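One structure below.
The values are calculated or read from the model by the stated rules, or taken from the named source; none is laboratory data. Just so it is clear, the model here is predicted, and its values are computed rather than measured. Cβ placement follows ideal geometry from the backbone for every residue including glycine, while neighbour counts extend to all protein chains displayed.
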């Protein structure tokens, strides 16, 4: 008894010293990051709910049914089996120890054994998944491609060791008469039957050996966790608790430095614009990097990675994490770094963004491949904010280094000079009205919206200037007119919302354009705005609040669906066609608008709607987001063509969407496939509103 007490305490103290040193080191590394922006600690109720549903409830993991269920079993297994650790440490002091009050109840013994078995079954499931989906078998298609597979297998082995040593100890304990549960511990009782023939002396020894092995493995596992990717066991609840709520999608954050928003009209001398070094990230950013589980769910959904681009959200986060760890001694050394090893000093000299072949951490092609679709953020089970980090690095490259793809120069120049990506100017913003059978009311400069106007129709750059998008604008205008909805437009007073500039990293230009629009909208007394572009919808509804513009913003599919439900629009003419619908990222995933477009299509007689395999939250991007619409796609296969192939595979005659960016990209994809003979010449890509107009007005229209 004394021997096992001394050995048990000695092992425990030694391990806690090592673990404590590592935990303190990680804390110090986290402290090197910048302060977070305001709001990370507000809304305690929502944050507690998030931890409850995402950590305790494993909500995101359970969306992947088999691996999710296995992870659920392991998570709750270790949670429930914490009781066995208490029992084990208690048994060091008293062989008859049991947890007070509940420690002898049958249900607890049964529950402990149930989860021991569940964890062992889950380990088998994980092993099969990793073998079947290994990079050796699937290459880049494997979500484990690039993950540290050796340590992952070691962790599975350690979990197995925790379980079998626990069963050994408990089985021997039953035979020595020191087990706290009379019945219910079915797995331990089965092991006890196997050990019983060895006799009482052997079981006495096995009880002590099993106990010390069990506690030793648990303590070794603690150290392993602190030095591996499984650090997420401790960091995930913290990361989820301090993540952006309700999600890190929709609006981007403004530029923050030291926890305060940067005033571009009067920036401080010490303000850091974007992220140009690892220490420029906030402590929440560093927490993100340390929390990554390398599960690859983000990678498996990323449109860039799935089309042979170099960007993997997982590998990007891993690269930032590894760089932070390697540079940590430099960050913690203070002003005197002369005694640091050469490899640490070399790590400190690496550019955060630069050619990897020349020592950069993140290759420019990785950074600029992102379409900001948010699929990575949507899938991440520990709430890592990939898009925020990517855009912050872009901000530094654009605003400080002036390094960005050359094609983007034309976009930015046009936005600065003409207020639209095409460089057409304000005079062209009324051309879409030509030929309409009614007059569209245009708000004069300095005029306020009359009381009889229900909505301001925000036409947007594409809706005014792109030939395909003009058809959507005209269709929406005709439908609103048909329904008796009174609306007006700003005409030449509109300018670009700045969405593309912001996602490119040109925050200053976004703010200039945005403030100009907010001033115009506020002067007009705009309260209710309807838009046809998912990107305008997101900017006006979410991001303009940061600039002093607070409006009720509806996407046109939301308003049209409402008008159909109220029978102000009645689709009566059949549109006999096989139809599929593409969810725009900035309408669906970023803003959770999934039902209205489908409700419209479902209400049109003759429409046969077939969903693509990747839809709703898992929709595959068209390739236009993140300002990628204005940049050439020269690496890998084209994202828009990949998405078009998915649409064609449904047998659709009409590919519908609800964003002009998506219409442009899918139309281009369809034209390529027509030229290749892989799509019928009759295949059309049109906005949902145009399908509705055909049914409301005339099946041959639009």
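Quick notes on this one:
- Residue 81 farther than 24 Å from residue 225 by Cα and out of contact with any strand residue (DSSP E or B) (no Cβ under 7 Å at 6 or more places or on another chain): no
- Residue within segment 123-132 that is surrounded by 15 or more Cβ atoms within 10 Å (Cβ to Cβ) and touching a residue at least 60 places away in the same chain (Cβ under 8 Å) present: yes
- All told, residue 101 meets the bar of being free of Cβ contacts under 8 Å to residues at least 60 places away in the same chain, in the same structural domain as residue 172 (by TED's automatic domain parsing), surrounded by fewer than 17 Cβ atoms within 10 Å (Cβ to Cβ) and at positive phi.
- Filtered residues of segment 171-224 (kept if assigned to a loop (DSSP other than H, G, I, E, B) and under 47 Å from the mean Cα position of the chain (by Cα)): 179, 180, 181, 183, 184, 185
- Complete set of residues in segment 541-556 that are touching a strand residue (DSSP E or B) at 6+ places or on another chain (Cβ under 9 Å) and part of a helix (DSSP H, G or I): 541, 542, 544, 546, 556
- Lone unmet requirement of (1) touching a residue at least 12 places away in the same chain (Cβ under 8 Å); (2) at negative phi; (3) in contact with a strand residue (DSSP E or B) (Cβ under 9 Å, 6 or more places away or on another chain) for residue 226: (3)
- Answer residue from segment 32-47, given it is outside any loop (DSSP other than H, G, I, E, B) and touching a residue at least 24 places away in the same chain (Cβ under 8 Å) and is nearest to residue 253 (Cα to Cα) among those: 34
- Top-ranked residue in segment 352-390 [being out of contact with any helix residue (DSSP H, G or I) (no Cβ under 9 Å at 6 or more places or on another chain) and at pLDDT 95 or above; ranked as nearest to residue 58 (Cα to Cα)]: 365
- All conditions but one from (1) modelled with pLDDT of 95 or more; (2) touching a helix residue (DSSP H, G or I) at 6+ places or on another chain (Cβ under 6 Å) apply to residue 492; the one that does not is (1).
- Among the residues of segment 263-304, those identified as part of a loop (DSSP other than H, G, I, E, B) and either in the same structural domain as residue 28 (by TED's automatic domain parsing) or in contact with a helix residue (DSSP H, G or I) (Cβ under 6 Å, 6 or more places away or on another chain) (or both) are 264, 272, 273, 274, 275, 276, 292, 293, 294, 296, 302, 303.
- Identification of strands (runs of 3 or more DSSP E) wholly contained in segment 590-702 with 1 or more residues that are within 30 Å of residue 499 (Cα to Cα) yields 654-657, 684-687.
- Entry remark, segment 133-169: residues being in contact (Cβ under 8 Å) with a residue 40 or more places away in the chain and not in a helix (DSSP H, G or I) number 7 in total.
- Of the criteria (1) surrounded by 17 or more Cβ atoms within 10 Å (Cβ to Cβ); (2) over 19 Å from the mean Cα position of the chain (by Cα); (3) closer than 20 Å to residue 382 by Cβ, which one residue 27 fails: (1)
- Of the criteria (1) out of contact with any strand residue (DSSP E or B) (no Cβ under 6 Å at 6 or more places or on another chain); (2) modelled with pLDDT under 95, which one residue 37 fails: (1)
- Given (1) within 18 Å of residue 251 (Cα to Cα); (2) more than 30 Å from the chain's Cα centre (by Cα), number of the condition residue 529 does not satisfy: (2)
- Residues being out of contact with any helix residue (DSSP H, G or I) (no Cβ under 8 Å at 6 or more places or on another chain), touching a residue at least 40 places away in the same chain (Cβ under 8 Å) and buried (at least 17 other Cβ atoms within 10 Å of the Cβ) - total across segment 245-262: 2
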